[in-house]
Amino acid sequence: MKSINTFFLLILIFLTLQVSAQQKDDKKISYQSVEAKNPFPSVDIKVIKDAQSGYNVQLVTKNFKFAPEKVNKDNFMNEGHAYIYINGIKNRVYSEWYHIEDEKLTQPINQIRVTLNANNRAEYMVNSRPIEAIGVIKNENLGNWYNNKK
């Protein structure tokens, strides 16, 4: 049992390092960052299994306003949109809810990373660290992907 827990931990660390290293979007364009001002925004995620398929992710924010109508316009502190990275693949989010289709969960353990972004797409930072939330979703559709029997 201890080796299974160690294995899961190593996979989680690998996914975290892999996704954290990706600070570029699908087109390899780097975006700037902007230091947030007090009261600092924050984000947390809740993952809920959808009754039909996939998962619903709720972005629980504080001191942040979604402003999809202002994307690519002037920044106003603590407003903008979010990005949800599913195993490093970026998706733009304009509200507190996002549905992840089963097809996007390609790994046995899938990393979900959410960042808060300003209207010009820059990542909000506090003390030079991104405002983000990270979680994982186990892909139940892959079945037993390891064999623990000896």
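The values are calculated or read from the model by the stated rules, or taken from the named source; none is laboratory data. Every value quoted in this text rests on a predicted model; they were computed, and no experiment measured them. We place every Cβ from the backbone using ideal geometry, glycine too, and count neighbours over all the protein chains shown.
Among all residues of segment 112-127, there is at least one that is surrounded by 18 or more Cβ atoms within 10 Å (Cβ to Cβ), closer than 16 Å to LYS49 by Cα and not acidic (Asp, Glu). Residue check: is GLU101 out of contact with any strand residue (DSSP E or B) (no Cβ under 6 Å at 6 or more places or on another chain) and touching a residue at least 12 places away in the same chain (Cβ under 8 Å)? Here the answer is yes, as GLU101 does meet what is asked. Name the residue, out of TYR98, TYR94, TYR55, TYR85, that is closer than 21 Å to SER33 by Cβ and surrounded by 18 or more Cβ atoms within 10 Å (Cβ to Cβ). Answer to the selection: TYR85.
Of all residues in segment 110-150, exactly one satisfies the criterion of being over 14 Å from the mean Cα position of the chain (by Cα), closer than 17 Å to ASN56 by Cα and at pLDDT 90 or above, namely LYS138. What are the pairs with Cβ atoms under 7 angstrom where one residue, in segment 47-58, is under 12 Å from TRP97 (Cβ atoms) and at pLDDT 95 or above and the other, located anywhere, is assigned to a loop (DSSP other than H, G, I, E, B) and not aromatic (Phe, Trp, Tyr)? Sequence gap at least six, or different chains. From residues that are under 12 Å from TRP97 (Cβ atoms) and at pLDDT 95 or above, the pairs are ASN56/ASP50; GLN58/GLU96.
With respect to the conditions (1) closer than 29 Å to ASP50 by Cα; (2) part of a strand (DSSP E or B); (3) over 11 Å from the mean Cα position of the chain (by Cα), LYS90 lacks only one, and its number is (3).
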